[in-house]
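Novice: Below is a structure I'd like to ask you about.
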Amino acid sequence: MASTSNVEGIVLRTREYSETDLLVTVYSKERGKFSAIAKGARKVKSSLRGAVQPFTCSEFAVLPGKGLSMITQSAIINPYLGLRDDLGKIAYGSYLLELVQLATEENKVHADLYYLLQAALVLLELGQDIELTARFFELRLLSILGYRPYLGGCVNCRRRVQNSSFVLSPVKGGILCGSCGSGASLPVIHAGTVLMMEKLLQVPLTQLPNLKINKTAKSEMEQALSVYLQYHIELFSRAKGLLQQLLPEIDG
């Protein structure tokens, strides 16, 4: 007979499963991404109701089934309440959840990604620069999944990052200088933006709030990483579309 296991995870999404049940997708420390039925969670007085809300980090008692597993009990660890009082935080938080949903496979464990998602939600909750937090998350996500871009110099001719412009090539897996990347239909990024991207991949989490970045570099980074993520993560545009839907004033 199958036994119940305790799983710590962050709720990525919920969908109606029946009149009283929810189908909950969780990204967990122990199992990676998985979906399970939360019995009775749609009922107003359900003990599961609060623990299966998107963004919420909870401990779940999960009972395996022949098809879907079932969440039988739960305890909230962190509801990230500070995320829910601001449209920008909600939009970017939802984007991060959708990105994890699209980028990961069922039951494939990436403990580092679980902790990265926790950290990014805390940064958003605390009101850190939401755009910089998103870029930090995107770069670290790519690194964890094995798609880390090479930013130490041109991947073709090895020209160093100095006062020059580059493009970020998803095919080559890193930056190309102006000469090697000429003719490529890719967003241009300048040396300062490349160096900031490298810093975001290396800086300890505790130092991230101290980083400052101007609007031009933010825009360059966002456009370059959008192309890179679209190449490596199937349906990435869905996650970006969600963000733009929630924040229609975002440019591109």
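Novice: Among (i) 19.8, 73; (ii) 18.4, 56; (iii) 19.8, 65, only one was calculated for this model; which label is it, if the read-out is Rg and Dmax of the Cα atoms in Å?
Specialist: Of the labelled values, this structure produces (iii).
Novice: Which is farthest toward the positive dipole end of the chain among VAL161, VAL122, SER3, measuring Cα position about the Cα centre, with Cβ charges +1 (Lys, Arg) and -1 (Asp, Glu)?
Specialist: Positive-end residue among those listed: VAL161.
Novice: Let me ask you something else. Probe radius 1.4 Å, ligands and nucleic acids ignored: give me the carbon and sulfur share of the accessible area of the stretch 1-100 as a rounded percent.
Specialist: Heavy-atom surface of the stretch 1-100 belonging to carbon and sulfur, 1.4 Å probe: 50 percent.
Novice: On C-alpha positions alone, give me the angle between the axis of helix 130-144 and the longest principal axis of the chain, in degrees, nearest 10.
Specialist: 90 degrees
Novice: Checking the cross-link filter: which lysines have an alpha carbon closer than 29 Å to that of LYS218, excluding same-chain neighbours under 8 positions apart?
Specialist: Leaving aside lysines fewer than 8 places away in the same chain, those within reach of LYS218 are LYS89, LYS172, LYS199, LYS240.
Novice: With everything on Cα atoms, drop me the angle between helix 191-202 and the longest principal axis of the chain, reported from 0 to 90° to the nearest 10.
Specialist: The helix 191-202 is inclined about 40 degrees to the chain.
Novice: Give the accessible area for ASP129 in Å² (nearest 10); use a 1.4 Å probe, count only protein heavy atoms, and leave out ligands, DNA and RNA.
Specialist: Roll a 1.4 Å probe over it and ASP129 shows about 60 Å².
Novice: Separation of the stretch 213-227 and the stretch 124-143 by C-alpha centroid, Å?
Specialist: Using only Cα atoms, the two centres lie 13 Å from each other.
The values are calculated or read from the model by the stated rules, or taken from the named source; none is laboratory data. Just so it is clear, the structure is predicted and the values come from calculations on it, not from any experiment. Neighbour counts run over all protein chains shown; Cβ positions are idealised from the backbone, glycine included. Remember, those area values only see protein heavy atoms, side chains included, never the ligands or the DNA or RNA. Shrake-Rupley method; radii C 1.70, N 1.55, O 1.52, S 1.80 Å.
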